[in-house]
Amino acid sequence: MGAVDQQVQAAAKTPLIALLGNPNCGKTALFNRLTGARQKVANYAGVTIERKEGSFTLPGGRALRVLDLPGAYSLNAHTPDEAITRDVVAGLRAGEQTPDAVVCVVNATNLRLNLRLVLEIKRLGLPMVLALNMVDVARKRGIEIDTARLSKELGMPVIETVAIQAGGEKGLLAALEAMPFDLQIKPNPLSAIDAVPVEETQREVRRIIDATVGFDNDKGNLSEQIDHVVLHPVIGPVILAATMFLIFQAVFSWAAVPMDLIKNGVDAIGQWVGGAMADGPLRSLIVEGILGGVGSVLVFLPQILILFFFILVLEDCGYLPRAAFLLDRMMGGVGLSGRAFIPLLSSFACAIPGVMAARTIQNPRDRLVTIMIAPLMTCSARLPVYALVIAAFIPNRELAAGINLQGMVLFLLYAAGIISAMAVAYVFKRTMGAKGHQPLMLELPAYHWPHLNNLALGLWERARIFITRVGTVILTLMVLVWFLSSFPGAPEGATHPPIYYSIAGMLGRALAVVFEPIGFGWQICIALVPGMAAREVAVGALGTVYALSGGGDDVASSLTPIIAASWSLPTALSLLAWYVFAPQCLSTLSVVRRETGSVRYALLMAGYMFALAYTASFLTFHIARSVLGS
Ligand SMILES: Nc1nc2c(ncn2[C@@H]2O[C@H](COP(=O)(O)OP(=O)(O)OP(=O)(O)O)[C@@H](O)[C@H]2O)c(=O)[nH]1
Ligand SMILES: [Mg+2]
C-alpha cells in the first residue's frame, strides 16, 4: 500500500466530530482552541458561513478530526449557511463523511434559545457532548446552572467551557477521551426531527430550564443599559454616523507618519539600487518596474490597517448587529433587509467575503440584491487609488477643528458608493417585483471589550493578505506592465518618451479613443487594463508608466506630484467617479457566478457597473470642466 493510500485509510478511521450550535455561541473560538487554527471569531451571528475542518490529538494520544460549521437556530434551515450545517450533520452532502459524534456548543447565558437545537440534534441519534460555553460570563451575571441535572435531563455529558481562555477546553478534551466512538453509526433521517412538533420541543426546553437554571440575581444587564442609548431612535443614528465619520478622518490623519516611513524606505532602496547598478533594462526593471510600482502600492498598508482596526473593534464588541438594527428601517425603504448590513460591511474589506456572507440572508431575492450591490461598497483595493488622487488634488486643509478636507473627500467617496448601492437595490427590487418588507430577526449579543488577541490576529491577517498580494499578483502584473511599457523602444527621431511607442503605449492610445470623452489620456488607459485583475495595480501601473515617461529615480514617492502636474482636476475627479462604480475585479465576478449558480448575474453585474461608471465619469468630467472653465 502506498503512503498516500495509508494516509487516506488513516483519515477514514480517524473519528470526525462536528461542532454544532446557535450562531455566536463560540464554536469557532472553541475550534481554534482545539486545533490551533485561526478562523475568524467575532461578536455577531453569522461569522462562519462555510464548513472548516481541522484536527487535533487528545491527551491520551487519539487523533480526532473536527468540523466547524455555520451556526443554526434549528435544523429546519432557513438560510443557505444553515443548510450547509444541516446537510453536513444529516449526511446529505455528497462525498462528505457524516460526523461520528457531535459537540453541541451552547451559550450558557442564553440556554432558553439554545436548547431547541440541542434537542433536535439529539433526535439524529449520534453520540453527543454538550459544551456549556461562556460560563465565565454566566457566572459574572449570577446565572447558576445545575450541570449534573442538565446532563441527566439531556442524557449526555455536559462540560463547562470557556473557549476564549487558554485551558478553557480541558474538560471537553477529557469528555472526548471517554467517548466510545463507533465509526459504523449513521444519523437518523431528518424526518426524525419533524416527527415532534415545535411546540412540544419548546415545552421540553422550558421544563429543562426550570429544572436546571437558577437566576441568582440579574446584576443589571449592562448591555441593555448601553442599548438604551445606542439603539435610541435619535441618538442611535447620530452615534452611528459620527463613528463612521471618525473612522475616515483617522484613516488619513493617523496614517501620515507610517506612510512617510514606508515611502522614504522604498525611496532609499531605489536610490541605492539606482546608484549601485549600471544603467540598462535590469536597473529600469528594478527601479521603475518593481520599486516604483510595488512601492507605490505598499505605502497604503497603514491606511488599510487603520480602517481594519476600527472594523475589527466594531465586530468584536458587538456593535454590528445594532448598526444593522438601526439601518433596517432605512434599508427597508429601498427594499433591502437589515440583514444585508453585515455582508455589505464585509464588502468594505473586499466584495468577495461580502458576497459570500449574503448566505446568511433568508429571502432569496434579498440575498440576490445584496450580492448585486456588494461590489459598490468601497473595497480596500480602491483605497490606494482614492488616496493617491486625493493626495494629489485635494489640499490638506483643516476645515474645522479635527475635520480634514482630504478625510472629508474620502468619506464622500465611500458615501457615494453606499448611496448608489441603495439606489441600485431600489431599481433591482422594483424590476424583480418588490415584496413587503420582512421584519428583521436578529440576535443582539452581549457587548464585551474587544479581545486584544483577536484584534492583533485580525490586523496581522490583513497585513499578511495585503503584503502577499503586493508580493505576488501585484508584483507579477507590475513586471508585465513594465515589460509591455518598455518594449519595443522608441524609433529614431522620436518626439515622445519611449513608452509612447511601446506595446502598452499603443494599447493605451487605442483605448483612449473610448475613454477620451471621460477625460482619461493614454497613460491612465494603460493602468486601467491590469487594474482589472487587481484594482490597486492601477496605482502601481501609474507609478511605472509615469516613471518611464519621466525617467526620475525617486519614483515611489513622486507619483503624487507627477499626476498633480499632468492631470487636470476634472480628469482626477472623473477617475475617482470611475473607481466608485467600475467592476474592476475579475475574482468578484467569478464568486458571484459561483454563489448565484449562474453566469447571468455576473454578466449583469459587470454590465450595469460599467454603464454606471462610464455615465458617472462622463458627467463628472463635463460638469467639472464647465464649472472650472477649463
Ligand atoms: N467571554 C467569553 N466569550 C466568548 C467565549 N467563547 C466565545 N466568546 C466570544 O463570543 C463571540 C462569538 O464567538 P465565535 O467563536 O465567533 O462564535 P460562533 O459560534 O463561531 O459564531 P458563528 O460563526 O456566527 O456561528 C466572540 O466575540 C468570542 O470572542 C467564552 O467562553 N467566553
Ligand atoms: Mg463561527
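The values are calculated or read from the model by the stated rules, or taken from the named source; none is laboratory data. Every value quoted in this text rests on a predicted model; they were computed, and no experiment measured them. Cβ sites come from the backbone with ideal geometry, for glycine too, and all protein chains shown count toward neighbours. The accessibility values were calculated without ligands, DNA or RNA, using every heavy atom of the protein model including side chains. Shrake-Rupley method; radii C 1.70, N 1.55, O 1.52, S 1.80 Å.
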Nearest 10, in degrees from 0 to 90: the angle of helix 475-486 to the longest Cα principal axis of the chain is 20 degrees
Per the helix-only model, the chain has a calculated mean residue ellipticity at 222 nm (DSSP H runs of ≥4, -39500 (n - 2.57) each, divided over all residues, rounded to the nearest 500) of -18000 deg cm²/dmol
Lys and Arg at +1, Asp and Glu at -1: neighbours of THR468 with Cβ under 14 Å from its Cβ sum to +1
Expected field for LYS170, accessible surface area in Å² at 1.4 Å probe radius, rounded to 10, holds 140 Å²
Surrounding charge for THR360, neighbours by C-beta under 13 angstrom, Lys/Arg +1, Asp/Glu -1, total -3
Taking 0.36 nm per residue of separation between ALA94 and ILE467 and subtracting their Cα-Cα distance, the length gained on full extension comes to 130.6 nm
For region 430-499, shape from the Cα gyration tensor axes a ≥ b ≥ c, cut at a/c of 1.5 then a/b versus b/c, turns out oblate
Listed by chain and number, the aspartates and glutamates with an alpha carbon less than 20 angstrom from that of LYS429, same-chain partners under 8 positions apart left out, are ASP328, ASP366, GLU595
Counting only protein heavy atoms with a 1.4 Å probe and every protein chain in place, the carbon and sulfur fraction of the accessible surface of region 16-220 in whole percent equals 49 percent
As straight-line cross-link partners of LYS170, the qualifying aspartates and glutamates (C-alpha separation under 16 Å, not fewer than 8 residues apart within one chain) are ASP136, GLU160
Mean separation of Cα contacts under 8 Å (at least 6 apart) over the residue count of the chain, i.e. the relative contact order in percent, is 13 percent
For region 4-103, shape from the Cα gyration tensor axes a ≥ b ≥ c, cut at a/c of 1.5 then a/b versus b/c, turns out oblate
Taking 234-246, 24-36, 260-272 and ranking on average Cβ neighbours within 10 Å, highest first, one gets 24-36, 260-272, 234-246
Taking r as the C-beta separation of VAL196 and LEU507 and R0 as 60 Å, the FRET efficiency to the nearest 0.05 is 0.35
Honestly region 16-220 on the Cα gyration tensor test (a ≥ b ≥ c root eigenvalues; a/c under 1.5 rounded, otherwise a/b vs b/c for prolate or oblate) is just rounded
For the chain, the longest principal axis of the Cα atoms and the Cα long axis of helix 256-276 enclose an angle in degrees, to the nearest 10, of 50 degrees
In Å², rounded to a whole number, the accessible area per residue of region 16-220 with probe 1.4 Å is 42 Å²
Result for region 517-629: accessible area per residue, probe 1.4 angstrom, in square angstrom, of 36 Å²
Two pseudo-spin positions, 7 Å from Cα along C-beta at ARG149 and at VAL599, lie apart in nanometres by 6.3 nm
Of every hundred units of 1.4 Å-probe accessible area on region 487-612, the number belonging to carbon and sulfur atoms, as a percent, is 67 percent
Output ordering of 38-46, 288-296, 326-334 (per-residue mean of other Cβ within 10 Å, highest first) is 288-296, 38-46, 326-334
Length gained, VAL627-THR431, 0.36 nm per residue minus C-alpha separation, equals 67.0 nm
Ordering HIS228, HIS78 by the accessible surface of their heavy atoms, 1.4 Å probe, largest first, yields HIS228, HIS78
